[in-house]
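J.: Please find one structure pasted underneath; my questions will follow.
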Amino acid sequence: MSLREEADANARDEDGRTTLHVAVEYNERMNAFDGRFAALQITGKRDYQEDSFGLLDERDLGPDCGEHAVLLVADGMGGHVGGAIASDLLRKTFVEAYPKSSGPIVDRLQDCLDAANGAIAAAVAENPALDSMGSTLVAAVVTSEGLHWISVGDSPLWLFRAGQLERLNADHSMAPLLADLVAEERMTAEDAARHPSRHSLRSVVMGDEIPLIDVSSQPVAVEEGDRVVLGSDGLLTLDEQEIADILEKTRDAPLEDSAAALIQAVEAAENPHQDNTTVLLYAPGGGAELGAVAVGEGKLLRTSRDQNARQDC
């Protein structure tokens, strides 16, 4: 059985959840992850999965990189077929483009986003039936310099440290604008919470010009013991205090236990309209000797380093 076939066969647990640690556990060479990564997905109340997630580490980026992790979550839109295609195409293009990119990390992130946006445009041009498809993106890079990110849409990025959870990226849904109206006393909090456009997106990756892109202006310092948390908006069924409490309670447990506890809390909320939910966790602290995987919708794909790929991180 090939790596791809075995990964597909092993990537979902008995409850239909997609798990990074399950997907890689069958291969003993992956033990060098040593708990640095964990990811988990559920479909929620949907009949299909439109989220994708991916990662790269030092093995993709050169043997002398030190700590260098690339983490990505994409939440597709445009119906069952279109949304899944968009998020997976974004994931695949982004993680393949990053090892070939050069320059400051924020420029590399922008180049990868441009490549992914172009790939979606090309797919729509080839098949006009996909013209409504698109995806959010949140991508983070952790190196010895700290944490950089780029994001489009409402998929959140947090840094958890010492019991505190801080959102790092901007929310490109209508929710922040409604919150501003509440702060200005032009709308009640109750009306804002019920507003039909609350979750509408002001920016998304669709192959056209992207109206809003959030890019880190400078790296955020990370420390051993921190947790970098990426998710799709389904995770926002939980408020930030609930997420922080779960991460604090599971701080000394294996990282996959933290991911599982977050997903279990989402399921326990019993939201009748629960969206697809993805959580991807990273524990900073040193480079892995092995790794090099890109994961999305339960598919484990090794990224190949061709002759055009950079070898200097």
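J.: List the residues, sorted by chain then number, that are 5 or more residues from L147 or on another chain and whose placed amide H is less than 5 Å from its amide H.
T.: Sorted by chain and number, the residues that satisfy this are V220, A221, V222.
J.: I want the local charge near G79. Using Cβ-Cβ distances under 13 Å, sum +1 for each Lys or Arg and -1 for each Asp or Glu among the other residues.
T.: Values: positive: R46; negative: D47, E50, D131.
Net local charge, G79 excluded: -2.
J.: How large are Rg and Dmax for the range 111-214 when calculated on the C-alpha trace, in angstrom?
T.: 16.7, 49
J.: Further, regarding this structure: If you take the alpha carbon radius of gyration of the range 156-264 and divide it by 2.2 N^0.38 Å, what ratio comes out, to two decimals? Walk me through the intermediate numbers first.
T.: Working: Rg = 16.2 Å, N = 109, 2.2 N^0.38 = 13.1 Å.
Against the compact-globule rule of thumb, the ratio is 1.24.
J.: So for the pair S101, D239, with labels modelled 7 Å out along Cα→Cβ, what separation do we get in nm?
T.: Reported label-point gap for S101 and D239 is 3.5 nm.
J.: Okay, moving on. Mind running the shape call on the range 86-145? Use the C-alpha gyration tensor, a ≥ b ≥ c as the square roots of the eigenvalues: rounded below 1.5 for a/c, prolate if a/b tops b/c, oblate otherwise.
T.: In terms of gyration-tensor shape, prolate.
J.: Amide H neighbours of V204 under 5 Å, at least 5 residues apart or on other chains, H built in the peptide plane: list them.
T.: Those lying under 5 Å, H to H, from V204 are L212.
J.: Dipole of the range 86-187, Cα-centred, from +1 at each Lys and Arg C-beta and -1 at each Asp and Glu C-beta, to the nearest 20 debye?
T.: 320 debye
Laboratory data are not the source of any read-out in this text; all were calculated from the coordinates shown. The model shown is predicted, which means the values in this text are computed figures rather than measured ones. All Cβ positions, glycine included, derive from the backbone under ideal geometry; neighbour counts span all protein chains shown.
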